[in-house]
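See below for the structure under consideration.
The values are calculated or read from the model by the stated rules, or taken from the named source; none is laboratory data. Keep in mind that what you see is a predicted model, and the values were worked out from it rather than measured. Because the Cβ atoms are built from the backbone with ideal geometry, glycine has one as well, and the counts that use them run over all protein chains shown. SASA here: full protein model, heavy atoms, side chains in, ligands and nucleic acids out. Shrake-Rupley method; radii C 1.70, N 1.55, O 1.52, S 1.80 Å.
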Amino acid sequence: MATTTLLILSLVTITFSSILISSNALDVNFYQKTCPNAETTITNTIKNGLKNDKTIAAAILRMHFHDCFIKGCDASVLLNSNGNNQAEKDGPPNVSLHAFYVIDNAKKEVEKMCPGVVSCADILALAARDAVTLSGGPTWAVPKGRKDGRTSKAADTAQLPAPTFSISQLQQSFSQRGLSIDDLVALSGGHTLGFSHCSSFQNRIHNFSNKTDVDPSMDPSFAGKLRQVCPKQNTPKNAGANLDSSPLIFDNAYYKLLLQGKSIFTSDQALLANSRTKALVTKFASSQGEFYQAFVMSMISMSSISGSGSEIRLDCKVVN
């Protein structure tokens, strides 16, 4: 594990150097002089949050993804709705997001040390890294220097890739954000953490087609268990399933289960519909180290999607 971590860190250095050359916008040492203890403070806040609720790791990772995929990484997902506007967090794909309070707590602690210095967007990016690391996954140096946006619209959440997407829809969604097909497979590995409500995968276990009720690519026994948890009618409000067999641990179980026909979403199964993506799924299933390295590279790329931020919010829930 130590060797893998060293390799990951060295690759991070190489990759981030190329990011600096291309954008010259973000810097891993951005707060070295202005708020040197920011990262440690944020990490401690995430640790404290995990002591009370292990599910916040998956929530924060998903929150960061949903932030970056709409107008770049500018913390727009953190803004509250108001009388004049319904914000992203209240859009259909985001109503199940939670753990916003953890980011708010981190912001409060950082503000005590360095008022008006560290952006909410950077706090969310760092918190996502910590969520992965503290769940047993890899660590990496997070590029920083993002600004917070002032616009957040629920309607924009329609741009997020859906769990029902095909491989071509997924490729298009990621490509529009400057992310490759390799990034798609690596970032899908984030589904090693977390839980899904029945509504996101009902299409695979009921009325799949005119010929069959269940998606034939799904393991029959696995599908049967999902159908018990998520009946066709009168499904319990909070019913659902874990995204893999170890939903609180960041590992490569997601890829192993995918190859066994035990994935949850259509968008997961779609990764086997393309020769390149299937080869990567097989590679990550056989080597957790390879997955970790690819995930780190792709997270840095995704976290560096330029946003339209223009300020450092004093409160992550509202614009200044």
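Remarks
- If you go through the range 236-260 and keep only what is buried (at least 20 other Cβ atoms within 10 Å of the Cβ), in contact with a Gly (Cβ under 9 Å, 6 or more places away or on another chain) and more than 15 Å from residue 186 (Cβ to Cβ), you end up with 243, 244, 247.
- Restricted to the range 26-143, the set of helices (runs of 4 or more DSSP H) holding at least 3 residues that are in contact with a strand residue (DSSP E or B) (Cβ under 7 Å, 6 or more places away or on another chain) comprises 120-133.
- Residue in the range 275-295 that is assigned to a helix (DSSP H, G or I), of a type in the set (A, V, I, L, M) and over 22 Å from residue 218 (Cβ atoms) present: yes
- Taken over the range 126-163, the residue count meeting the criterion of being within 22 Å of residue 251 (Cβ to Cβ) and either charged (D, E, K, R) or in contact with a His (Cβ under 6 Å, 6 or more places away or on another chain) (or both) is 3.
- For the range 144-167, residues that are open to solvent by 40 Å² or more (accessible area, probe 1.4 Å) and either under 23 Å from residue 311 (Cα atoms) or in a helix (DSSP H, G or I) (or both) total 7.
Every residue, every condition in (1) without any contact (Cβ under 8 Å) to a residue 40 or more places away in the chain; (2) not basic (Lys, Arg), yes or no:
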site: 195; (1), (2): no, yes
site: 200; (1), (2): no, yes
site: 219; (1), (2): no, yes
site: 225; (1), (2): yes, no
site: 242; (1), (2): no, yes
site: 259; (1), (2): yes, yes
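- Evaluated against (1) touching an Asp or Glu at 6+ places or on another chain (Cβ under 9 Å); (2) over 11 Å from residue 268 (Cα atoms), residue 183 falls short on exactly one condition, (1).
- Residue 85 being surrounded by fewer than 16 Cβ atoms within 10 Å (Cβ to Cβ) and not basic (Lys, Arg): yes
- Restricting attention to the range 189-225, the residues that are open to solvent by 10 Å² or more (accessible area, probe 1.4 Å), over 30 Å from residue 293 (Cβ atoms) and more than 19 Å from the chain's Cα centre (by Cα) total 18.
- Screening residue 5 against (1) in contact with a Phe, Trp or Tyr (Cβ under 9 Å, 6 or more places away or on another chain); (2) over 26 Å from residue 116 (Cβ atoms); (3) modelled with pLDDT of 95 or more leaves a single unmet condition, (3).
- Filtered residue count, the range 261-273, keeping only those that are assigned to a loop (DSSP other than H, G, I, E, B) and buried (at least 19 other Cβ atoms within 10 Å of the Cβ): 4
- Residues that are open to solvent by 10 Å² or more (accessible area, probe 1.4 Å), at pLDDT 95 or above and either touching a Ser or Thr at 6+ places or on another chain (Cβ under 6 Å) or over 26 Å from residue 192 (Cα atoms) (or both), drawn from the range 279-318: 289, 297, 311, 312, 314, 315, 317, 318
- With respect to the conditions (1) under 23 Å from residue 292 (Cα atoms); (2) surrounded by 18 or more Cβ atoms within 10 Å (Cβ to Cβ); (3) in contact (Cβ under 8 Å) with a residue 60 or more places away in the chain, residue 182 lacks only one, and its number is (2).
- Listed by first and then second residue, the pairs linking a residue in the range 275-296 that is farther than 13 Å from residue 253 by Cβ to a residue that is open to solvent by 30 Å² or more (accessible area, probe 1.4 Å) and not in a helix (DSSP H, G or I), with Cβ atoms under 8 Å apart and 6 or more places separating them unless they lie on different chains, form an empty list.
- Qualifying position, being closer than 30 Å to residue 43 by Cα and touching a Lys or Arg at 6+ places or on another chain (Cβ under 9 Å), among 190, 145: 190
- Residue match in the range 48-55 (condition: of a type outside the set (Val, Ile, Thr) and in contact with an Asp or Glu (Cβ under 7 Å, 6 or more places away or on another chain)): no
- Selection from the range 93-105 of residues that are open to solvent by less than 20 Å² (accessible area, probe 1.4 Å) and either closer than 13 Å to residue 50 by Cα or among the aromatic types (Phe, Trp, Tyr) (or both): 99, 102, 103
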